[in-house]
Amino acid sequence: MTTPITDTDRTDLLANGWQMVEGRDAIAKTYVFGNFVEAFGWMTRVAIWAEKLNHHPEWDNVYKTVNVVLTTHDTGGLSDLDARLARRMDSLTE
């Protein structure tokens, strides 16, 4: 069962560069890589984790830039799955 995001998780994500999406209970972040191959490689690694979590991002890629939005449609807003996937995305850029 998916649980709503905690205030602590929300605060931590916003402190790490995620931003609230206006008009939605969702967070967004833009990742910029050195080139298209790096961006696409990162997306592939994230896709594996997203599938494991059964939680998939809204995202787009233009050349070396990936824009990501996370929310849990089943719960109508941010959940623990969003926090977990956001942290994993950030860790995969290190």
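The values are calculated or read from the model by the stated rules, or taken from the named source; none is laboratory data. As the structure is a prediction and not an experimental result, all values here were calculated from the model. Cβ coordinates were reconstructed from backbone atoms using ideal geometry, including for glycine residues, and neighbour counts include every protein chain displayed. These accessible areas exclude ligands, DNA and RNA; they are computed on the full protein's heavy atoms, side chains included. Shrake-Rupley method; radii C 1.70, N 1.55, O 1.52, S 1.80 Å.
Tally Lys/Arg at +1 and Asp/Glu at -1 over every other residue whose Cβ is under 14 Å from the Cβ of Asn16; what's the total? With Lys, Arg at +1 and Asp, Glu at -1, the net is 0.
What is the helix-to-structure angle for 36-53, meaning the angle in degrees between its Cα long axis and the longest Cα principal axis of the chain, kept from 0 to 90 and rounded to the nearest 10? Result, in degrees: 30. By the helix-only formula, in which each DSSP H run with n ≥ 4 contributes -39500 (n - 2.57) and the sum is divided by residues, the chain has a 222 nm mean residue ellipticity of -13000 deg cm²/dmol. One entry in (i) 1.03; (ii) 1.18; (iii) 1.49 is Cα Rg over 2.2 N^0.38 Å calculated from the shown coordinates; its label is (i). Measuring nothing but how far apart in sequence close Cα pairs (under 8 Å, 6+ apart) lie, relative to its length, the chain scores a relative contact order of 36 percent. Where in segment 76-94 does the amide nitrogen come within less than 15 Å of the point 7 Å from the Cα of Thr8, taken along Cα to Cβ? Correct set: 80, 83-84.
Would you mind telling me the share, in percent, of accessible area of segment 1-56 contributed by carbon and sulfur at probe 1.4 angstrom? Let's see the in-between values first.
Details: 2070 of 3690 Å².
Looking at segment 1-56 in its full context, I get 56 percent from C and S.
Dividing the mean sequence gap of close Cα pairs (under 8 Å, 6+ apart) by how many residues segment 22-72 holds gives a relative contact order of 50 percent.
Charge dipole of the chain (Cα centre as origin; +1 on each Lys and Arg Cβ, -1 on each Asp and Glu Cβ, all else neutral): 240 debye, rounded to the nearest 20.
Computed over protein heavy atoms with a 1.4 Å probe, the accessible surface of the chain works out to 60 Å² per residue.
Modelled label positions at Asn54 and His73, each set 7 Å beyond Cα in the direction of Cβ, lie 1.6 nm from each other.
Ordering Lys52, Lys29 by accessible area with a probe of 1.4 Å, largest first, what comes out? Numbers along the way, then the final one.
Details: Lys52 140, Lys29 35 Å².
Highest to lowest solvent-accessible surface, that is Lys52, Lys29.
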